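This report concerns only the one structure given below.
Rule-based calculations on the coordinates, nothing more; no lab input. On a predicted model such as this, the values are computed, not experimentally measured, just so you know. All Cβ positions, glycine included, derive from the backbone under ideal geometry; neighbour counts span all protein chains shown.
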Amino acid sequence: MIGSITLFGWFIDQPDVKEFVGDDATQWYDILASFAIILGALNLIKLQVQKVLYQRPGWGYSLVAVFGFIFSITAGFFIKGVDDSVAQWGAHVTSDGTLFKWMFDYVFSPMSATMFSLLAFFVASASYRAFRIRNFEATLLLVSGIIIMVGRVPIGGVISSWFVMYLIVLCAGIYVNNWKKDLKTTFIFVAVGVSLVTIGGIMTGWPIDQPGIFYLPSIQEWIYYYPNVAGARAIMIGIGLGIFATSIRYILGIERSYIGE
């Protein structure tokens, strides 16, 4: 019942209902979330301590996790590391010189950077598998990914649009060669394309960002703000419909997996 009121309260123009949805329900959510965090932390400690006591595989990592948890709690709630004149309780988590700030700057931040650095290699490996050219869609994904990655870094801004045009001519020549299976035709096609690009560059003075349609930063910006946004909106609409359907199943009692059934 509470879930139904909270869900449909956004569509009911009644002051009492709006106050409940915007104020009371939000406070209830914060309270329940706080208890959920406490239960999650206790469950984490329980599992890690059991792993250490029984010396299960990887128990050394569990020991580090338990020590880090205890150290974080101590630095956050019991030991500031500075006098009250330097930082009061609550403000000590962001004040320089405190134990918690030291832990965040010199332990948590470097470890987070290390994890993201390792994640970059996994992303590169996954990209290699995803970008294999099998069909037109995979080819489109590969080309778009390369343009986005190169166009959003500083080196993309120094790559001339004329260089991109030469690459397009060469790629088109490869396609013509696979299609016609004739080296003479391929050579003529590539020679004509290179000549046209060269003549155009000489006549315009080889501006690095002209024509803009072949300038990598401009291409990646167009891809990012138009096809990417359109696809992201479609995905978000699908996610929203899925969340709505799942919420209805929870409210009506159809879905009971969250209570172990």
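Our note on the geometry: Cα centres of the stretch 109-155 and the stretch 188-232, 22 Å apart. When peptides 233-245, 43-55 are ranked by their average number of other Cβ atoms within 10 Å per residue, the highest-first order is 43-55, 233-245.
Under the rule of -39500 (n - 2.57) per DSSP H run of 4 or more residues, summed and divided by the residues of the chain, what mean residue ellipticity at 222 nm is obtained, to the nearest 500 deg cm²/dmol? Result for the chain: -23000 deg cm²/dmol, rounded to the nearest 500. For the stretch 96-119, list residues with backbone N below 16 Å from a point placed 7 Å from the Cα of D83 toward its Cβ? Label zone hits: 97-98.
Extension gain, V158 to Y226, is 22.1 nm, computed as 0.36 nm per intervening residue step minus the present C-alpha separation.
Rounded, prolate or oblate, given the Cα gyration tensor of the stretch 1-78, with a/c below 1.5 counting as rounded? Prolate, since a/c reaches 1.5 and a/b exceeds b/c.
How long are the three semi-axes of the equivalent ellipsoid for the stretch 87-198, computed from the Cα gyration tensor as the root of 5 times each eigenvalue, in whole Å, largest first? Working shown, then result.
Numbers: eigenvalues 530, 62, 15 Å².
Result for the stretch 87-198: semi-axes of 51, 18, 9 Å.
Note: relative contact order over the chain, using C-alpha pairs below 8 Å and six or more positions apart, is 12 percent. Helix 227-251 axis versus longest C-alpha principal axis of the chain: approximately 30°, rounded to the nearest ten.
Let's test the formula: R0 of 35 Å, r as the Cβ-Cβ distance of D13 and Y250. What FRET efficiency results, to the nearest 0.05?
Details: r = 26 Å, r/R0 = 0.73.
Rounded to the nearest 0.05, the efficiency is 0.85.
For the stretch 200-239, the ratio of Cα radius of gyration to the globular rule of thumb 2.2 N^0.38 Å stands at 1.77. Size descriptors for the chain: radius of gyration and Dmax over Cα atoms are 29.3, 84 Å. Each label point was placed 7 Å from the Cα along the Cα-to-Cβ direction; for S125 and A25 their separation is 4.4 nm.
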